[in-house]
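The values are calculated or read from the model by the stated rules, or taken from the named source; none is laboratory data. Because the structure is a prediction, the values reported are computed rather than measured. Here the Cβ positions follow ideal geometry from the backbone for every residue, glycine too, while neighbour counts run over all protein chains shown. Calculation scope for accessible area: heavy atoms of the full protein, side chains included, ligands and nucleic acids excluded. Shrake-Rupley method; radii C 1.70, N 1.55, O 1.52, S 1.80 Å.
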Amino acid sequence: MDYDVFVLHPIPIDSGAIRISTLQPTAVNAILAEMRSLQAQGKSLVSLMRGEPDFPTPAHIVEASIRALRDGRTSYPDNRGEKSFREVAARKLARDNHLTFDPGSEVLATTGATQGEYAALMAMLNEGDEVLLPDPVYDAYQSPVRMAGGRVKSVRSEIREGRFVLTEEALERSWSPAAKVIVLNTPWNPVGTVLRRDELATITAFCERRNLFLISDEIYETITYGESVHVSPLRVAPGLRDRCVLVNSLSKTYSMTGWRVGYCAGPAPLIQAMFLVLAQSSRGPATFIQDAAAEALTGPQDCVASMRDEYTRRRAQVIEGLPGVRVMAPEGGFFAMVDVRETQAPSREIRRRLMREHGVVVVEGAAYGVGGEGTLRVSFASGGENLARGLERLREGLAR
């Protein structure tokens, strides 16, 4: 296949569901298709693209799953989540986030955060409702909004003092009477901002003033650097308690990406509505996987600190490994945004040149919204030789 004419064609639909025509593959999946095409031609590529930790799942978590299997924990799970897992999730939220939820009616187990987001949107949206999304933001939020009948409305961020921020003015510009929900992700993928208390106060006050639902995606909560500390929006604005769903998973914190397990917490009526949504598709994570997840949340947490320390070293490696390049040091997560605005070239064009001519794969910032134009997202979720070689190729590519 000729790389220069490679395109992702829309799915042909003659008599099927029209909603499918509004869906798009994520930027990562689209770039993976390009990668495979080049690799089939013999091109050597180093990926600094994906957000998947390269650590093995900690042994005590794996052992808990094996033990559960040996104990016969292979029956249908409670579709709301195993009682033991929901209780552990509620205790974790009280311990780490200082939030109180009833495990019986306000906590729901999900097969990862993605399913939690989808269920929340399905429970909140009517046809034509608008969902406010920070711009740039993780692009996989958009398709479930459309699947639920909603419309995406971008809230354009600004770069101030080397970090992306949302202002009250931008929030108000994006609001319309059709606005129903705002989605927040802090730490914020892809830009690495950890929203501060004063910033959260501004955003949550806007939600209260405009009577919006809030979906708070907190999957990167433990991966923060320096003085940056994750704060749950509900901790800042308890008045939103009846209009907020907190979404989390164990994928990033415990390197459990393939386990597909997470949880949501919110007011009982919303959690009940989300449960009804999930009952039509997934019936919840496998019982033995929930047992492993419970062990992760209650067992030794030194593995979390150890992984964060390694990400801290990799973060420094990215910043120091690209001399002469403006790297926006992330406050959280494991992505660094590289500022290439001075080139005045489209970020997609730069990304493709880096892949084609220098053999390094990153994601263009524009894939996450117009606010990301002029930047590249570099992942340090994988380290070691892969990160070292990728940075070398990236440094050479950006020097030209």
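The listed residues are V338, V325, and the only one of them that is among the hydrophobic types (A, V, I, L, M, F, W, C), under 22 Å from S47 (Cβ atoms) and at pLDDT below 95 turns out to be V325. When the range 212-227 is filtered for residues that are touching a Lys or Arg at 6+ places or on another chain (Cβ under 8 Å) and closer than 25 Å to D242 by Cβ, the ones remaining, listed by number, are L212, F213, L214, I219. Taken across the range 21-29, residues that are at pLDDT below 90, open to solvent by 100 Å² or more (accessible area, probe 1.4 Å) and more than 30 Å from E385 (Cβ to Cβ) do occur, with at least one present.
Going by the structure shown, is L387 open to solvent by less than 20 Å² (accessible area, probe 1.4 Å), closer than 24 Å to K252 by Cα and touching a residue at least 12 places away in the same chain (Cβ under 8 Å)? For L387, the condition - open to solvent by less than 20 Å² (accessible area, probe 1.4 Å), closer than 24 Å to K252 by Cα and touching a residue at least 12 places away in the same chain (Cβ under 8 Å) - is met. Kindly check whether there is at least one residue in the range 134-144 that is surrounded by fewer than 20 Cβ atoms within 10 Å (Cβ to Cβ), over 19 Å from G369 (Cβ atoms) and either modelled with pLDDT of 95 or more or not hydrophobic (A, V, I, L, M, F, W, C) (or both). No, that holds for no residue. The set of residues in the range 341-370 that are small (G, A, S), under 23 Å from the mean Cα position of the chain (by Cα) and open to solvent by 10 Å² or more (accessible area, probe 1.4 Å) comprises A366, A367, G369. For L322, the conditions (1) crowded, with 16+ Cβ neighbours inside 10 Å; (2) closer than 25 Å to S154 by Cα; (3) aliphatic (A, V, I, L, M) all hold with the exception of (2).
The condition (being open to solvent by less than 10 Å² (accessible area, probe 1.4 Å) and either farther than 19 Å from F288 by Cα or at pLDDT below 95 (or both)) is satisfied by just one residue among L99, L108, L125, L121: L121.
Residues checked against (1) in a loop (DSSP other than H, G, I, E, B); (2) touching a Pro at 6+ places or on another chain (Cβ under 9 Å); (3) within 18 Å of C244 (Cβ to Cβ):
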position: G116; (1), (2), (3): no, no, yes
position: M122; (1), (2), (3): no, yes, yes
position: N126; (1), (2), (3): yes, no, no
position: V131; (1), (2), (3): no, no, yes
position: Q142; (1), (2), (3): no, no, no
position: V145; (1), (2), (3): no, no, yes
position: G149; (1), (2), (3): yes, no, no
position: V152; (1), (2), (3): no, no, no
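Restricting attention to the range 330-350, report how many residues are assigned to a helix (DSSP H, G or I) and of a type in the set (D, E, K, R).
Start the filter on the range 330-350 by keeping residues that are assigned to a helix (DSSP H, G or I), which leaves 341-343, 347-350.
Filter again for of a type in the set (D, E, K, R), leaving 341-342, 348-349.
Count: 4.
Quick check on the range 62-80. Is at least one of its residues farther than 30 Å from E310 by Cα, out of contact with any strand residue (DSSP E or B) (no Cβ under 9 Å at 6 or more places or on another chain), open to solvent by less than 20 Å² (accessible area, probe 1.4 Å) and modelled with pLDDT of 90 or more? Yes, because at least one residue in the range 62-80 is farther than 30 Å from E310 by Cα, out of contact with any strand residue (DSSP E or B) (no Cβ under 9 Å at 6 or more places or on another chain), open to solvent by less than 20 Å² (accessible area, probe 1.4 Å) and modelled with pLDDT of 90 or more. Of all residues in the range 378-400, those being touching a strand residue (DSSP E or B) at 6+ places or on another chain (Cβ under 6 Å) and basic (K, R) number 2.
When residues in the range 344-381 are screened for being of a type in the set (S, T, N, Q), farther than 17 Å from A329 by Cα and touching a residue at least 12 places away in the same chain (Cβ under 8 Å), 1 of them pass. Residues to consider are S84, S47; find the one that is more than 25 Å from the chain's Cα centre (by Cα) and not aliphatic (A, V, I, L, M). None of the others qualify; the one that does is S84.
Of all residues in the range 36-61, which are exposed (fewer than 13 other Cβ atoms within 10 Å of the Cβ) and of a type in the set (S, T, N, Q)?
Within the range 36-61, the first condition is being exposed (fewer than 13 other Cβ atoms within 10 Å of the Cβ), and the residues that meet it are 36, 39-42, 44, 56, 59.
Passing the criteria: Q39, Q41, S44.
Of these, M35, M49, which one is closer than 21 Å to P190 by Cα and either modelled with pLDDT of 95 or more or in a loop (DSSP other than H, G, I, E, B) (or both)? Checking each option against the conditions leaves just M49.
For the range 162-176, check the following and say yes or no: at least one residue is modelled with pLDDT under 95 and either closer than 20 Å to S347 by Cβ or in a loop (DSSP other than H, G, I, E, B) (or both).
Kept after step one, since they are modelled with pLDDT under 95, are these residues of the range 162-176: 162-163.
Among the residues that remain, those that are also either closer than 20 Å to S347 by Cβ or in a loop (DSSP other than H, G, I, E, B) (or both) are: 162-163.
Scanning the range 162-176, I find at least one residue that is modelled with pLDDT under 95 and either closer than 20 Å to S347 by Cβ or in a loop (DSSP other than H, G, I, E, B) (or both), so the answer is yes.
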